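Heads up, the thing below is written out as structure tokens.
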Amino acid sequence: MKIKGIVTAMVTPLLENGIDEKATRKLVNKLIDSGIHGLFILGTNGEFYALSEEEKLALVRIVVDETAGRVPVFAGSGGVSTDAVIKLTNKFTELGVDAVSIITPYLIKVSDQELIQHYQTIAANTDLPIILYNIPANTKISISESVFKELVKVPQIIGIKDSSGEIENIQMYLDVNDREDFSVLVGSDSLILSALKKGADGAVAATSNILTKTDLGIYQAYLENNLEKAELLQESINAFRGVLKLATVPSVLKYSLGLLGIPVGAPKSPVRVVSPELDAEIRNILEQYKGIEGIEKLS
């Protein structure tokens, strides 16, 4: 499997008692109808850290069913314990996801050799393709060059999502990788175009929950060698990225989807809903994207 293009780091629609099936199906179709190349569920923006196993399995069932093979579905099965990751990954296999994303362990500072062994053991005891997930600001662990050199040798590991925010990291992974079937994906939306220019295969973008056509436009303009257009589109997402930083992830994304007519519920506590003071600012920012995103009106 070769992953290319713009993949949405999808938020998780929630009710007070679990997954909001209706909103999930609506969001899946909104993204696919807009042309997205894949769905990345149960990542950081999908609140994987706050969901029960029952909720994770319910979300996977719904997304796989609604997607119906139209685009690939990648699901986060990462955790601290190797055994727990194996068990959850095997359950996801039964539900029909296309690949799993496995974040580095967190809370504990594992050594490079322990990190290599973690991923090798998971691969040896599961069947799904694996995407490495590097987000050192959150986990305090980074997939270093020496670790990556070993992991890229594992055929079952087919890609890496790098959310370090460092373009040098993307370059290092590209330089080390010698496999045509391995994908290097940027997970920092501010670096989509920069990563593509370096040779990255695509992006896993949180902003594409809202700015789907804008993010897709960056990728398409790059493919067409229209770098001026790509640069303008890349710069245009900065306004929305700025408002995302005014509250804890993923509250602004969820609030914005509600304004677009897809109410996806509140984030899991302790993350709070967007304060009323931010409503006008978010609305004003979304107004800037009405044309390209086809937004008719805000709720």
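For segment 120-142, check the following and say yes or no: at least one residue is among the small types (Gly, Ala, Ser) and in contact with a Gly (Cβ under 9 Å, 6 or more places away or on another chain).
The initial filter retains those residues of segment 120-142 that are among the small types (Gly, Ala, Ser), namely 123-124, 137, 142.
From what is left, the residues that are in contact with a Gly (Cβ under 9 Å, 6 or more places away or on another chain) are 137.
Scanning segment 120-142 turns up at least one residue that is among the small types (Gly, Ala, Ser) and in contact with a Gly (Cβ under 9 Å, 6 or more places away or on another chain).
Restricting to segment 274-296, count the residues that are within 21 Å of Gly35 (Cα to Cα) and outside any loop (DSSP other than H, G, I, E, B). Reasoning before the result, please.
Going through segment 274-296, the residues within 21 Å of Gly35 (Cα to Cα) turn out to be 286, 288-296.
Now restrict to residues that are outside any loop (DSSP other than H, G, I, E, B): 286, 290-293.
Residues meeting the conditions: 5.
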*Checking Ser164 against (1) crowded, with 22+ Cβ neighbours inside 10 Å; (2) in contact with a Pro (Cβ under 6 Å, 6 or more places away or on another chain); (3) among the hydroxyl-bearing types (Ser, Thr, Tyr), which test does it fail?*
(1)
*Mind listing whichever residues of segment 144-169 are closer than 16 Å to Ser188 by Cα and touching a strand residue (DSSP E or B) at 6+ places or on another chain (Cβ under 7 Å)?*
Gly159, Ile160, Lys161, Asp162, Ser163, Ser164, Asn169
_Leading residue by the ranking (nearest to Glu296 (Cα to Cα)) among those in segment 217-261 that are of a type in the set (A, V, I, L, M) and in contact with a Lys or Arg (Cβ under 7 Å, 6 or more places away or on another chain)_ = Leu259
*Name every residue in segment 251-262 that is part of a helix (DSSP H, G or I) and touching a residue at least 24 places away in the same chain (Cβ under 8 Å), in order of residue number.*
Val252, Leu253, Lys254, Tyr255, Ser256, Leu257, Gly258, Leu259
_Top-ranked residue of segment 1-25 - restricted to ones that are surrounded by 18 or more Cβ atoms within 10 Å (Cβ to Cβ) and not in a strand (DSSP E or B), ranked as nearest to the chain's Cα centre (by Cα)_ = Met10
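Output the residues belonging to segment 103-134 that are in contact with a strand residue (DSSP E or B) (Cβ under 7 Å, 6 or more places away or on another chain) and more than 18 Å from Asp181 (Cβ to Cβ).
To start, the set of residues in segment 103-134 that are in contact with a strand residue (DSSP E or B) (Cβ under 7 Å, 6 or more places away or on another chain) comprises 103-104, 119, 122-123, 128-134.
Correct list: Ile103, Thr104, Ile122, Tyr133, Asn134.
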*asked:* All but one of (1) over 19 Å from the mean Cα position of the chain (by Cα); (2) modelled with pLDDT of 95 or more hold for Lys109; state the number of the condition that does not hold.
replied: (2)
*Filter result (of a type outside the set (Val, Ile, Thr), part of a loop (DSSP other than H, G, I, E, B) and closer than 21 Å to Val60 by Cβ) within segment 78-105*: Gly78, Gly79, Ser81, Gly96, Asp98
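Mind checking whether some residue in segment 231-250 is assigned to a helix (DSSP H, G or I), modelled with pLDDT under 95, out of contact with any Ser or Thr (no Cβ under 7 Å at 6 or more places or on another chain) and exposed (fewer than 14 other Cβ atoms within 10 Å of the Cβ)?
First, pick out the residues of segment 231-250 that are assigned to a helix (DSSP H, G or I): 231-236, 238-244.
From what is left, the residues that are modelled with pLDDT under 95 are none.
No; the residues of segment 231-250 include none that is assigned to a helix (DSSP H, G or I), modelled with pLDDT under 95, out of contact with any Ser or Thr (no Cβ under 7 Å at 6 or more places or on another chain) and exposed (fewer than 14 other Cβ atoms within 10 Å of the Cβ).
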*Say we look at segment 135-158 and pick out the residues that are touching a residue at least 40 places away in the same chain (Cβ under 8 Å) and closer than 18 Å to Ala206 by Cα; which of these is surrounded by the fewest Cβ atoms within 10 Å (Cβ to Cβ)?*
Asn138
*State whether one or more residues within segment 52-64 are surrounded by fewer than 23 Cβ atoms within 10 Å (Cβ to Cβ), under 16 Å from the mean Cα position of the chain (by Cα) and under 20 Å from Thr248 (Cβ atoms).*
no
*Check segment 30-48 and report whether any residue there is over 19 Å from Leu216 (Cβ atoms) and assigned to a helix (DSSP H, G or I).*
yes
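Which of the following residues is closer than 28 Å to Thr248 by Cβ, free of Cβ contacts under 8 Å to residues at least 12 places away in the same chain, loosely packed, with under 14 Cβ neighbours inside 10 Å and out of contact with any Leu (no Cβ under 7 Å at 6 or more places or on another chain): Ala68, Ala84?
Values: Ala68 fails: closer than 28 Å to Thr248 by Cβ.
Selected residue: Ala84, the only one of Ala68, Ala84 that is closer than 28 Å to Thr248 by Cβ, free of Cβ contacts under 8 Å to residues at least 12 places away in the same chain, loosely packed, with under 14 Cβ neighbours inside 10 Å and out of contact with any Leu (no Cβ under 7 Å at 6 or more places or on another chain).
Search segment 212-226 for residues being of a type in the set (S, T, N, Q) and touching a residue at least 12 places away in the same chain (Cβ under 8 Å), and hand back the single one that is nearest to Asn29 (Cα to Cα). Explain how you work it out, then say what you get.
We begin by selecting, within segment 212-226, every residue of a type in the set (S, T, N, Q); these are 212, 214, 220, 225-226.
Of the ones still in play, those that are also touching a residue at least 12 places away in the same chain (Cβ under 8 Å) are 212, 214.
Working: Thr212: 12, Thr214: 17 Å.
Among residues in segment 212-226 that are of a type in the set (S, T, N, Q) and touching a residue at least 12 places away in the same chain (Cβ under 8 Å), the one nearest to Asn29 (Cα to Cα) is Thr212.
Go through the residues of segment 74-90 one by one and say whether even a single one is over 30 Å from Ser142 (Cβ atoms) and within 15 Å of the chain's Cα centre (by Cα). Before the answer, list the steps.
Filtering segment 74-90 for residues over 30 Å from Ser142 (Cβ atoms) gives none.
So far as segment 74-90 goes, no, none of its residues is over 30 Å from Ser142 (Cβ atoms) and within 15 Å of the chain's Cα centre (by Cα).
The values are calculated or read from the model by the stated rules, or taken from the named source; none is laboratory data. Remember, it's a predicted structure, so these values are computed and weren't measured experimentally. Note that we place each Cβ from the backbone using ideal geometry, even for glycine, and neighbour counts take in every protein chain shown.
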